[in-house]
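*Asks:* Structure below; questions to follow.
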Ligand SMILES: Cc1cc2nc3c(=O)[nH]c(=O)nc-3n(C[C@H](O)[C@H](O)[C@H](O)COP(=O)(O)OP(=O)(O)OC[C@H]3O[C@@H](n4cnc5c(N)ncnc54)[C@H](O)[C@@H]3O)c2cc1C
């Protein structure tokens, strides 16, 4: 649908003003970077509400090292921020170079990206970094990013206002991998992991994967399999064997192929993280 369907464009300067407009019905849509809306604006949309003037464009680092990103922070801002680059194994940077193109990353906001919630390389990485989101739906609420998708909070009427990444600890190593048919294609599958090797044994293990279209999911069964393990070949194989993969078939690849890719990517991510944590290759 062309954007000529738009009859009104609002730029409120406070969150209550945004919320007031949003409640007018399904013809009203929030706009972050506008990159998705510009090519796939739903036909019922007549009014856009731009979040550019609400003050959601800052990255703040707290004394404890946690990092809070306003929803209008762009993917380029994230890629270039020193504290985000310093997160375990440079995993934010490792992932972000694969997201679309530099021009897209200059426009796309992290709030728009997460609210969109599909075909995402960013979501698996934020899941393994244990990110949480703040949203406004008449009042401010917080939820882990995992719950935001798992409990369908992303499907309800809300304004995503901020994302917080807790401080990393020493000894954590992470990895992100994706598979796509060309550099600019969306990934057919992707995966991220983070492990904390304490005296050669895994303390924390987080794994997230996506079999393509849908938002990535955490993998609690595989994560439990790794805790207290030595992250040996057998431990990695056991963790991969209990992955729960919700892949889909389309014109690009079958669900079976995407599942196979996702399993392979998780195994490779775990090997990479082990190597990065100094636990051998
Ligand atoms: C050509 C192209 C290629 C891409 N390739 C990749 C890729 O390889 N990897 C990848 O991970 N991603 C990719 N993306 C997705 C991209 O990273 C962005 O997520 C996406 O374009 C949306 O970001 P935006 O800020 O422009 O959202 P917008 O277009 O502004 O909004 C998207 C949706 O979110 C809603 N929304 C916006 N902000 C908020 C908010 N704060 N709270 C609640 N709802 C909100 C809007 O109403 C809309 O429904 C691609 C996108 C395009 C267009």
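*Asks:* Evaluate the relative contact order of the chain (contact order divided by residue number), counting alpha-carbon pairs under 8 angstrom at least 6 apart; express in whole percent.
*Replies:* Computed over the chain, the figure is 15 percent.
*Asks:* Sketch the reach of a paramagnetic label on residue 268 as a point 7 Å from Cα along Cα-to-Cβ, and name the residues of the range 171-187 whose backbone nitrogen lies under 16 Å away.
*Replies:* 175-187
*Asks:* Another question about this same structure. If each of residue 143 and residue 233 carries a label point 7 Å out from its Cα toward its Cβ, how far apart are those two points in nm?
*Replies:* Spacing of the two 7 Å Cα→Cβ label points: 4.3 nm.
*Asks:* Suppose the chain between residue 10 and residue 94 were pulled fully straight at 0.36 nm per residue; how much longer would it get relative to their current alpha carbon spacing?
*Replies:* Separation in residues times 0.36 nm, less the Cα-Cα distance, equals 26.6 nm.
*Asks:* Now, a different point. For the chain, what is the mean residue ellipticity at 222 nm derived from helices alone (per DSSP H run of n ≥ 4: -39500 (n - 2.57); sum divided by total residues; nearest 500 deg cm²/dmol)?
*Replies:* -9000 deg cm²/dmol
*Asks:* Of 269, 193, 41, how do they rank once you tally other Cβ atoms within 10 Å and put the fewest first?
*Replies:* Fewest-to-most ranking of 269, 193, 41: 41, 269, 193.
*Asks:* I've got another one for you. Out of the DSSP beta bridges found with both residues in the chain, what percent are antiparallel (nearest 5)?
*Replies:* 85
*Asks:* Using only the alpha carbons, work out the radius of gyration and Dmax of the range 3-44 in angstrom.
*Replies:* Final numbers for Rg and Dmax: 10.6, 28 Å.
*Asks:* Assuming 0.36 nm per residue, please report the length gained on full extension of the stretch residue 44 to residue 249 beyond their Cα-Cα distance.
*Replies:* On the way: separation 205, 0.36 × 205 = 73.80 nm, distance 2.80 nm.
Answer, rounded to one decimal: 71.0 nm.
*Asks:* Run the numbers on the range 172-276 and let me know its relative contact order in percent, using alpha-carbon pairs under 8 Å that are six or more apart.
*Replies:* Details: 216 pairs, mean separation 31.4, N = 105.
Computed over the range 172-276, the figure is 30 percent.
*Asks:* Quote the relative contact order of the range 59-165 in percent (integer), defining contacts as alpha-carbon pairs under 8 Å separated by 6+ residues.
*Replies:* 29
*Asks:* Between 63, 196, 77, find the one with the highest GNM mean-square fluctuation for the chain; connect C-alpha pairs within less than 10 Å.
*Replies:* 63
*Asks:* By count of other Cβ within 10 Å, fewest leading, how are 257, 148 ordered?
*Replies:* 257, 148
*Asks:* GNM, the chain, Cα, under 10 Å: largest mean-square fluctuation among 178, 150, 214?
*Replies:* 150
*Asks:* Could you list 105, 85 in order of exposure, starting from the residue whose Cβ has the fewest other Cβ atoms within 10 Å?
*Replies:* Listed from fewest to most nearby Cβ atoms, that is 85, 105.
*Asks:* Pick out which of 104, 114, 194 has the largest mean-square fluctuation in a Gaussian network model of the chain, springs linking Cα atoms closer than 10 Å.
*Replies:* 104
*Asks:* Could you calculate the contour length gain from residue 184 to residue 101, that is, 0.36 nm times the residue separation minus the distance between their Cα atoms, to one decimal place in nm?
*Replies:* Values: separation 83, 0.36 × 83 = 29.88 nm, distance 0.72 nm.
Between residue 184 and residue 101, full extension yields an extra 29.2 nm.
Read-outs: derived from the displayed coordinates by stated rules, not from any lab. All figures in this text were calculated on a predicted structure; none of them were measured in a lab. Glycine also receives a Cβ, built like all others from the backbone with ideal geometry; neighbour counts cover every protein chain displayed.
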